[in-house]
Amino acid sequence: MLNNIELGAYLKNIRENKDISLREVEKLTGIGYSHLSMIENGKRNVTPALLKNLSKIYNVDYIDLYEKAGYIDLAEKEKIESNITGVDNTVTNSAIVFIYGTIPAGVPMECIEDIIDTEEIDSNMLKGGKQYFGLKIKGNSMEPEYLDGDTIILEKVANCESGQDAVVMVNGYDGTFKRVFKNEAGIILQPLNPEYQPMVYTNEQIEKLPVKIIGKVVELRRKK
């Protein structure tokens, strides 16, 4: 087991040997440059989810990274599961997407929290510099299409077409998941559940509050 400074140096050495810049890692993971830099300098803990993502980028065994970071129990669990399923722990055609907090599908609430899970997507989705993140739905305002507990995979965008389902930040920090409709007067955040009222914002409110789109839905993941 390595301490934070040793682990950071180890990860930095792998990255540099692979000739990958920290900016490239930032782009591929969606994790800020300063946060990644602090990890490499031993000033921040690194989560299992990030280690798994880094293993994809650096083409190394994530179980080995788990062990070096002290996640021994998790490493042993992954070894057992990989032996049962015959999964190769190194090279795949997938990329890891981080799932954050919960995204309310009822009323706006603070939504971005710590990473709580990961999902895999096809690595081809990253072409063109596209970035993705995941959020877990909380509430029933988007039923019946989206259910409480569902995970949505979103492309990071600052805009979307009218009629698309998107996550929108209101007041700079409150997030809500709705179907977005646009018109000359402003924007309508429409729930799919008729028990809920739409959220309507004028063009002036969009600028002053502000109201900003941060991602549009590309996939829905539902577990039994």
Tally of residues being among the polar types (S, T, N, Q) and out of contact with any strand residue (DSSP E or B) (no Cβ under 6 Å at 6 or more places or on another chain) across segment 139-158:
2
Residues in segment 144-155: is at least one small (Gly, Ala, Ser) and at pLDDT below 95?
yes
What are the residue pairs meeting all of these: first residue in segment 55-79, first residue in contact (Cβ under 8 Å) with a residue 60 or more places away in the chain and under 19 Å from residue 5 (Cβ atoms), second residue of a type outside the set (Lys, Arg) and part of a helix (DSSP H, G or I), Cβ atoms under 8 Å, and 6 or more apart or on different chains?
67/75; 68/7; 68/10; 69/7; 69/48; 69/51
What's the number of the only condition in (1) among the small types (Gly, Ala, Ser); (2) surrounded by 13 or more Cβ atoms within 10 Å (Cβ to Cβ); (3) at pLDDT 80 or above; (4) not in a loop (DSSP other than H, G, I, E, B) that residue 34 fails to meet?
(2)
Which members of segment 37-49 meet the condition of being among the hydroxyl-bearing types (Ser, Thr, Tyr) and modelled with pLDDT of 90 or more?
37
In segment 3-19, what count of residues is obtained for those that are surrounded by fewer than 16 Cβ atoms within 10 Å (Cβ to Cβ) and either farther than 24 Å from residue 75 by Cβ or of a type outside the set (Lys, Arg) (or both)?
9
Condition (residue is assigned by TED's automatic domain parsing to the domain that holds residue 133, more than 30 Å from residue 123 (Cβ to Cβ) and either touching a Leu at 6+ places or on another chain (Cβ under 7 Å) or not in a loop (DSSP other than H, G, I, E, B) (or both)) applied to segment 157-168: is it met by at least one residue?
no
Condition check: at pLDDT 90 or above, of a type in the set (Val, Ile, Thr) and under 26 Å from residue 127 (Cβ atoms). Does residue 5 satisfy that?
no
Checked against (1) within 22 Å of residue 119 (Cα to Cα); (2) outside any helix (DSSP H, G or I); (3) of a type in the set (D, E, K, R), residue 27 satisfies every condition except (2)
For residue 116, indicate whether it is out of contact with any helix residue (DSSP H, G or I) (no Cβ under 8 Å at 6 or more places or on another chain), crowded, with 17+ Cβ neighbours inside 10 Å, assigned by TED's automatic domain parsing to the domain that holds residue 150 and at pLDDT 70 or above.
no
Residue hits (segment 22-46; in contact with an Asp or Glu (Cβ under 8 Å, 6 or more places away or on another chain) and touching a residue at least 12 places away in the same chain (Cβ under 8 Å)) are 22, 36, 42
Taking the residues in segment 169-193 that are polar (S, T, N, Q) and in a strand (DSSP E or B) as candidates, determine which candidate is surrounded by the fewest Cβ atoms within 10 Å (Cβ to Cβ).
183
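The values are calculated or read from the model by the stated rules, or taken from the named source; none is laboratory data. The structure presented is a predicted model; accordingly, all values stated were derived computationally and were not measured. Here the Cβ is made from the backbone with ideal geometry for all residues, glycine too, and neighbour counts use every protein chain on show.
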